[in-house]
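In what follows, a structure is listed as structure tokens, so that the remarks can point back to it.
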Amino acid sequence: MNISDDEFIARFEDCSLASESFHHRDHVRMAYLYLCRYPALEAVQRFSSALARFAEAKGKPTLYHETITWAFLFLIRERLARTGHTQRWSEFAESNADLMNWETMSSGNTTAMRHWHRIWPSTRSYFRTKSARRASCLITSPVPLQLRSHKPELR
């Protein structure tokens, strides 16, 4: 999708982005943008809310899966932190090709997914379902996210 980051976020948040052109790679880009703009916990809260709202607006609320969304956000955040420097989207996408393909990620045959299943074992059965194979959504935690007033960053 060749639109500016600001327009991409605005169209996502106001639900005017066409759902048929919002694929897995676009979900990853959107999560990346939120994580670059906000402290990690705030990005999780904002992105999760916006993605659930987007799915609802497009008539597909069951495609949103909070655990998968959160897991992807934390996985992307970990990759951003590992580089030790700011990356442009194109650089991030190129150096994290394993995150860009939903089929590869959901198969569980990547290092990222094996690590993910150790952290969130309950997601393993989800990826074996038909909905998971159809869904091109992102991330849940077994406990609710609590934002504190000081909004700590994961650095």
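The values are calculated or read from the model by the stated rules, or taken from the named source; none is laboratory data. What you see is a predicted model, and the numbers here were worked out from it, not measured in a lab. Positions of Cβ are generated from backbone atoms using ideal geometry, with glycine treated the same way; all protein chains shown enter the neighbour counts.
Checked against the criterion of being at pLDDT 90 or above and not in a loop (DSSP other than H, G, I, E, B), the candidates PHE54, PHE72 yield just one match: PHE54.
The set of residues in the stretch 1-44 that are out of contact with any helix residue (DSSP H, G or I) (no Cβ under 9 Å at 6 or more places or on another chain), surrounded by 15 or more Cβ atoms within 10 Å (Cβ to Cβ) and assigned to a helix (DSSP H, G or I) comprises ARG11, LEU41.
Looking across the stretch 47-59, the residues that are surrounded by fewer than 15 Cβ atoms within 10 Å (Cβ to Cβ) and at negative phi come down to SER49, GLU56, ALA57.
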